[in-house]
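Q: Submitted below is the structure of interest, expressed as structure tokens.
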Amino acid sequence: MTGIAALQNALHSTSFLLTNALTDLGDADLLVRPVPNANHAAWQLGHLINAEQGLVTSQLPNAAMPALPAGFKETHAMERTGADDGAFLTKAEYVDLFTRTRAATLAALETLTDADLDKPTTGRMAAMAPTLGAWFVLISNHTLMHGSQISVIRRKLGKPVLF
């Protein structure tokens, strides 16, 4: 297996885990907080989409990402984790936008070679992920981290354990 193939597998896997954790949640469930001041799933999904688009294009500026709805970045900004003002999308809209964003991430990855994965990254997170290969691992792990938080919301709602 090549490095590119391993990263593709990781990105597909974390996408599968995240989207399957949402299958039996309704739109209102996305606004449930596991504990006071914790992020609800709607904010987390928007944050994942924002972050993935920003992470990919920060290193691969020619990557073609899907357009975000008006006000999306602001609604899902770090400063708005406590907001419950009705500015959030439906589950179907989040899943569609996440799926299209992940497809764009995979398309950007497919433009690289295994040798490209050793190229250095730039910016504030370069110390955490110093190469393009590590950068794509970071993107995959970020999805897994937030998917785990959604798992806690599932437990609070009495949903069955999936994985």
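Q: Every residue in segment 42-67 that is among the hydrophobic types (A, V, I, L, M, F, W, C) and within 14 Å of the chain's Cα centre (by Cα), please.
A: First pass over segment 42-67, keeping only residues among the hydrophobic types (A, V, I, L, M, F, W, C): 42-43, 45, 48-49, 51, 55-56, 60, 63-65, 67.
Result: A42, W43, L45, L48, I49, A51, L55, V56, M65.
Q: Using the structure shown, decide if F98 is within 21 Å of T19 (Cβ to Cβ), in a helix (DSSP H, G or I), within 17 Å of the chain's Cα centre (by Cα) and among the hydrophobic types (A, V, I, L, M, F, W, C). If you could, list the steps in order and put the result at the bottom.
A: Details: within 21 Å of T19 (Cβ to Cβ): yes; in a helix (DSSP H, G or I): yes; within 17 Å of the chain's Cα centre (by Cα): yes; among the hydrophobic types (A, V, I, L, M, F, W, C): yes.
Yes, satisfied.
Q: Follow-up. Go through (1) assigned to a loop (DSSP other than H, G, I, E, B); (2) touching a residue at least 60 places away in the same chain (Cβ under 8 Å); (3) closer than 14 Å to L17 by Cβ for T143 and report which single condition fails.
A: In the conditions (1) assigned to a loop (DSSP other than H, G, I, E, B); (2) touching a residue at least 60 places away in the same chain (Cβ under 8 Å); (3) closer than 14 Å to L17 by Cβ, T143 misses (1) alone.
Q: Give the residues of segment 96-125 that are modelled with pLDDT under 95 and surrounded by 14 or more Cβ atoms within 10 Å (Cβ to Cβ), sorted by residue number.
A: M125
Q: Can you find a residue that is among the acidic types (D, E), within 19 Å of the chain's Cα centre (by Cα) and at pLDDT 95 or above anywhere in segment 79-92? Full working, then the answer.
A: Applying the first criterion (among the acidic types (D, E)) to segment 79-92 yields 79, 84-85.
Going one step further and asking which of them are within 19 Å of the chain's Cα centre (by Cα), we end up with 79.
Still in the list and also at pLDDT 95 or above: none.
No; the residues of segment 79-92 include none that is among the acidic types (D, E), within 19 Å of the chain's Cα centre (by Cα) and at pLDDT 95 or above.
Q: I'd like the full set of residues that are more than 14 Å from M145 (Cβ to Cβ) and touching a Ser or Thr at 6+ places or on another chain (Cβ under 6 Å), limited to segment 12-42.
A: The answer is D27, and nothing else.
Q: Also, I was wondering about something else. Would you mind stating whether L132 is touching a residue at least 12 places away in the same chain (Cβ under 8 Å), aliphatic (A, V, I, L, M) and within 21 Å of A64 (Cβ to Cβ)?
A: Working: touching a residue at least 12 places away in the same chain (Cβ under 8 Å): yes; aliphatic (A, V, I, L, M): yes; within 21 Å of A64 (Cβ to Cβ): yes.
So L132 fits the description; yes.
Q: Do we have any residue at all in segment 67-77 that's within 20 Å of G123 (Cβ to Cβ), in a helix (DSSP H, G or I) and either at pLDDT below 95 or in contact with a Leu (Cβ under 7 Å, 6 or more places away or on another chain) (or both)?
A: Yes, segment 67-77 has at least one match.
Q: Here is a further query. Mind checking which residues of segment 24-77 are under 27 Å from V137 (Cβ atoms), without any contact (Cβ under 8 Å) to a residue 40 or more places away in the chain and among the charged types (D, E, K, R)?
A: Result: K73, single match.
The values are calculated or read from the model by the stated rules, or taken from the named source; none is laboratory data. Quantities reported herein were computed from a predicted structural model and do not represent experimental measurements. Neighbour counts are summed over all protein chains in view; Cβ atoms, including those assigned to glycine, are modelled from backbone coordinates with ideal geometry.
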